[in-house]
Every structure is written in C-alpha cells, then in structure tokens.
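Beneath this line is the structure, given in structure tokens, with notes to follow.
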C-alpha cells in the first residue's frame, strides 16, 4: 500500500494530520444541521453567482431581526434555516434573466419580490421572470422538506419573493399574513441585497434605516420594516454583519441538533442529489459513487471510521461544480482551453468550502485532490506519487468508473468490462496499480 508519510501540510494547513497518525480513533465529526448547512450554503451562493457568504449574511440579518421581535427560540431557529435555504432552488436550475430595477441590474433570484421586478420590466418580459421565480421557490421548498425542515421553513422558502401589498395595516401583528417567518426571511434577503449592491459599509450604515423604511408597505410589511430600520441603527448589528467570524458565530448556535451518522449522510445526500440534477446526471449518482467508494476503502484494509469519511468525501466531491456554468458540464463537444480552465477550479471551490466544517479538514483535502494524478499531470496542484492521498485516488477511481458506465453528453455508456479496460490504461499514471487491483477485486471479474 502506498506510504502516507508525505502529507501535504505545507499545501493545506487545514489538513488534520492526526487523521493519518491514528486512523483507528477517527470517524465522522459530531455536526449539527445548523453548523453543516452554514458552510454548505456557500455552495448555494456559487450556483447563484452571488458574492460568497450571501446566504450566511441573510441568516445573520434574519436571526437578528427575529430577536428584535423577541420571537421564541423555535421560530428563531426556523428563520435561521429559511434564510440559509431561501435560494437553494437555484442550485438545480439555471440563473434567471438579468433585469434592471431601481437598485441596478440583478439576476432574478432572491434579490427582489416579483412586483418590484415586474414594475421595472419592459412589456412582455414578465413571463420569463415569473417562471424563474416560481420554479426556484418551489424547488427550494421541496429541498427544505427533503432536509426534514418544518413546514414553516419550507413555506418561507416557497414564498420569500412575495411582496407586502396589503392596503390595510390596521390588523394586529398576529393577524397579519403571510407568516412572520416568511416576512422576516423576505426582508432579510432584500436588506442583504441592498447592502451588497451599495458596497461601502459606511454609506450603507448611514442610509440603511431610510432605505428600509422606503420598502415598507410595498416590498415588506410595515411592522417588519420598522423593526429592521431600528435594528439598522445599532452599531452592534453592523459590527456583527462585518465580523470576519460571522459564519463561525452562526455555526456555534448548533441549530437543528447534532446529527447521527445516518442523518449526516442523508443530509449530505440531499445536497449531492441537487448537484447531480444541476450537472445533468442520473438521479442518485453521487450516492452510488459514495457507497462504492466506502466498499473500496474497506477493501484497502482501512477501518470503518475511515471508510465513512471517504464516503462523505465521495458524496460531496462535485460540490465545487456549483461554481461552473452548467452548459460547460453538459457540452457535447470538446471543451476549449478557457472552459477547461474554469472546470478545473471545481476541486478548489469544494476544498475551500468544506475546509470550514469542523472535523472535515482531511475530507476537504481529499476532495481537493480527487483529480490529481500520481504522474503529476493532474489538477489543481499537479501533485505526484505519494503526494496524492490514497483516499483521493479511491474517490477518483470510483468516480471515473461510474462515469464510464453511464451516459455522457459526449459518448455512450460503456459495458463494465470495457470501462475497467479504460481504467487499467491509467495504471501507474493516474491511479496506483495496487488500488486498481483492489477495485477489480470488488467489482470484477471482467471476462
């Protein structure tokens, strides 16, 4: 078996070397749904083309606003999840049309309510806008349910584009509609978009309260706007928003409770299903690859704990593709050099995102290396020999094999035997011969 002595700590200071020092003591980390989703939400931003941390900032604003209302802890938690997931429907759909609104050019996503966009659209452009808004909201609500969120969270995701257009504001707070969780999620999304668009923190700090008041009665309900305007006058609110460790503070709340291993795999599996859909792959592909990668890890004389970590890495290996235009991934022709350069960024995207999850430092490194080759001709780091982690090679072998036996835009699926012949051609160049022999022992014989 290849030596593990040459660990790339110089290239990845987040690599947890203890995972290699004593594999018998290492397993899946204890993660809450809130901690895991806080980090994974950065991949949703990638898919939407938003500045990194958009969903996290929306969650910070939403939770802060919920506390202004002195809502019970259960509703604060629901608002947290609704804000993180508000645009998750964009992951499995193409970005909507870009339109001009009163606050500048914006992609139709979580940035404005339907009425705000429609009012600024040229005649005849409304159908495409409504379709894009409706589709991603509906898909987002479905994802929320699959992640076992409450009906209130799913409803907020489904309706966060609704504008407040009630002419009668005399109703009491409890009688107002839509529900408070939806209203706060919608307000947090719009406020974050204003802050993001204006750029200058000092300018937004001065103008923020007035900008929020201007949305009252049209984009957001008056009472929520009033609470948000008051919050926007607080220095503590702005310091927290621009705190470099804002994501860490959100994660520490541990909303949703600690997940058991089966729950963690299912949570990651739902995200993997989204990635498969976005990439035009057969449903369940990532789950299938993950299960086979776990089998191969055990066949390589590694223990159950290590196999679980490899399975998680295989589930999330393509997370970085959310930052790649979908038409690059589904192109039936040969990619241009420029397109290939963009696609080769996806391991780096995934590595950087997952490295922020406590206890997943090594998993993120394996994912970052799963397109490396032992002959030094891989990407993104052109590692060679023992520099390429065995676990990364396991993910790469299984991923390549599964790709070969399934349809792709540029070729038909191959029979299992022919697929293994292709893999064998990579013996000693991309993959370790020893690993390929172990792989054949669990999926062969091919005759």
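Taken across the range 34-41, residues that are at pLDDT 95 or above and more than 30 Å from residue 328 (Cα to Cα) do occur, with at least one present.
In the range 307-329, the count of residues that are modelled with pLDDT of 90 or more, part of a helix (DSSP H, G or I), surrounded by fewer than 21 Cβ atoms within 10 Å (Cβ to Cβ) and out of contact with any helix residue (DSSP H, G or I) (no Cβ under 6 Å at 6 or more places or on another chain) is one or more. Here is a check on your reading of the model: is residue 81 buried (at least 18 other Cβ atoms within 10 Å of the Cβ) and at pLDDT 95 or above? So residue 81 fits the description; yes. Determine whether the range 375-396 contains at least one residue that is part of a loop (DSSP other than H, G, I, E, B), without any contact (Cβ under 8 Å) to a residue 12 or more places away in the chain and within 24 Å of residue 280 (Cβ to Cβ). No, because not a single residue in the range 375-396 is part of a loop (DSSP other than H, G, I, E, B), without any contact (Cβ under 8 Å) to a residue 12 or more places away in the chain and within 24 Å of residue 280 (Cβ to Cβ).
The residues of the range 408-439 that are touching a residue at least 12 places away in the same chain (Cβ under 8 Å), loosely packed, with under 14 Cβ neighbours inside 10 Å and either outside the structural domain of residue 331 (by TED's automatic domain parsing) or not in a helix (DSSP H, G or I) (or both), listed by number, are 409, 410, 428, 429. Report, by residue number, each residue of the range 253-262 that is in a helix (DSSP H, G or I) and free of Cβ contacts under 8 Å to residues at least 24 places away in the same chain. Of everything in the range 253-262, just one residue is in a helix (DSSP H, G or I) and free of Cβ contacts under 8 Å to residues at least 24 places away in the same chain, namely 262. If only residues of the range 276-303 that are free of Cβ contacts under 8 Å to residues at least 60 places away in the same chain and over 16 Å from residue 317 (Cβ atoms) are counted, the one that is nearest to the chain's Cα centre (by Cα) is 283. Residue-level check: of (1) modelled with pLDDT of 65 or more; (2) under 16 Å from residue 89 (Cα atoms), residue 188 misses just (2). Taken over the range 217-247, the criterion of being surrounded by 14 or more Cβ atoms within 10 Å (Cβ to Cβ) and either under 30 Å from residue 311 (Cβ atoms) or free of Cβ contacts under 8 Å to residues at least 24 places away in the same chain (or both) is satisfied by 226, 229, 247.
Every test in (1) buried (at least 21 other Cβ atoms within 10 Å of the Cβ); (2) touching a strand residue (DSSP E or B) at 6+ places or on another chain (Cβ under 7 Å); (3) under 18 Å from residue 54 (Cβ atoms) is passed by residue 256 save one, and that test is (3).
The values are calculated or read from the model by the stated rules, or taken from the named source; none is laboratory data. Predicted, not measured: the structure shown is a model, and the values here were computed from it. With ideal geometry, Cβ positions are generated from the backbone for all residues, glycine too; neighbour counts draw on all protein chains shown.
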